Amino acid sequence: MAEVKWIKLSTSMFEDEKIRLIEALPEADTILIIWVKLLAQAGKTNASGYIYLNENIPFTDEMLATIFNRPIGTVRLALKTFEQFGMIEINDNNLISIANWEKHQNLDGLEKIREQNRLRKQKERKQKKLNSPKKDSHVTVTPSHATEVEEDIDKEVDKDIDKDKEEVIAAAAYKKSLLETYVSLRGYGFDHSPKDEQAAEELLASEIPLENAIYWLEEKFQSYTPKHSRDRINSLSYCVGYILDKYHENNSGEEGEDGKKVFQHRRGYGRSSSKTIEEIEREAEAARRAWGGS
């Protein structure tokens, strides 16, 4: 669908009772920023207020935290609050939609964009039909150079969009698997802190293969000797230095046939932007099996 370049925000937005209630919550400013970002994302998606990566892939909490660059705990609090206040709806397929989307969008303008997009595609199909070679003829009609350039640009734009989506999914899968592993090894609680998320971001940015990061994380827990009964590892950040040291230590190994470094304890699987979603999921599953998860 055509992208919407702007959305409407009422000047009386902050007089709304729901917004006033949100302003009384912890981290109110961040929650309100997330609300505006959701509205903007709905405009970019241009699907009657729905928000998704594509029609088959809804945004997860982790993916939204990555895109919005906000702590996942705050994102979850914001989504729960918006849903309770009837500001968003989440269906059985986990698709998020903005309630009363027409309040935030110029529906006439939106319909005009859709009509323009429909006419543009209709014109493109007609042009391709005219430019296609005719049967039983020695004359071949060649598309104009301008048309070829436009098609090449469209293809490159689509590739860039697909690449960006793959990178977002890969990053979210990497952090989710790493944080779930940490919580499991920690042995108590079911959640992680914003500081843990920052630590996962640091390891992701360091481009340490997921399987290796999990292996050294488990190794750190196994080698940790508590000084007393209450002494334990309380943050993923505590383990980051050890993992980075191991990564640089092992990265000095011999090169394999493909020119990549071969790690001493096992082969690593690098975080490549060319990986498919299925490969990322298989990597995460292999990592969970490596540390004994189900």
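Comparison of Ala199, Ala213 shows that the only residue that is aliphatic (A, V, I, L, M), without any contact (Cβ under 8 Å) to a residue 40 or more places away in the chain and in contact with a helix residue (DSSP H, G or I) (Cβ under 6 Å, 6 or more places away or on another chain) is Ala213. May I ask you to list the residues in the range 15-31 that are exposed (fewer than 12 other Cβ atoms within 10 Å of the Cβ) and assigned to a helix (DSSP H, G or I)? Selection gives Glu15, Glu17, Arg20, Asp29. Please tell me if Lys220 is of a type outside the set (Asp, Glu), part of a helix (DSSP H, G or I) and in contact (Cβ under 8 Å) with a residue 40 or more places away in the chain. Against the criterion (of a type outside the set (Asp, Glu), part of a helix (DSSP H, G or I) and in contact (Cβ under 8 Å) with a residue 40 or more places away in the chain), Lys220 does not qualify.
Yes or no, residue by residue, for (1) in a helix (DSSP H, G or I); (2) more than 28 Å from Lys176 (Cα to Cα); (3) out of contact with any Ser or Thr (no Cβ under 7 Å at 6 or more places or on another chain); (4) open to solvent by 40 Å² or more (accessible area, probe 1.4 Å):
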| residue | (1), (2), (3), (4) |
| --- | --- |
| Leu9 | no, yes, yes, yes |
| Ile33 | yes, no, yes, yes |
| Lys37 | yes, no, yes, yes |
| Ala40 | yes, no, yes, yes |
| Met63 | yes, no, yes, no |
| Ile67 | yes, no, yes, yes |
| Val75 | yes, no, yes, no |
| Ala78 | yes, no, yes, no |
| Phe82 | yes, no, yes, no |
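Of the residues in the range 93-102, not one is touching a Lys or Arg at 6+ places or on another chain (Cβ under 6 Å) and within 27 Å of Ala200 (Cα to Cα). If the condition is being in contact with a Lys or Arg (Cβ under 7 Å, 6 or more places away or on another chain) and at pLDDT 90 or above, then the range 24-60 contributes Thr30, Ile34.
The values are calculated or read from the model by the stated rules, or taken from the named source; none is laboratory data. What you see is a predicted model, and the numbers here were worked out from it, not measured in a lab. Using ideal geometry, Cβ is built from the backbone for each residue, glycine included, and neighbour counts are taken over all protein chains shown. Just the protein is used for accessible areas: all its heavy atoms, side chains included, with ligands, DNA and RNA removed. Shrake-Rupley method; radii C 1.70, N 1.55, O 1.52, S 1.80 Å.
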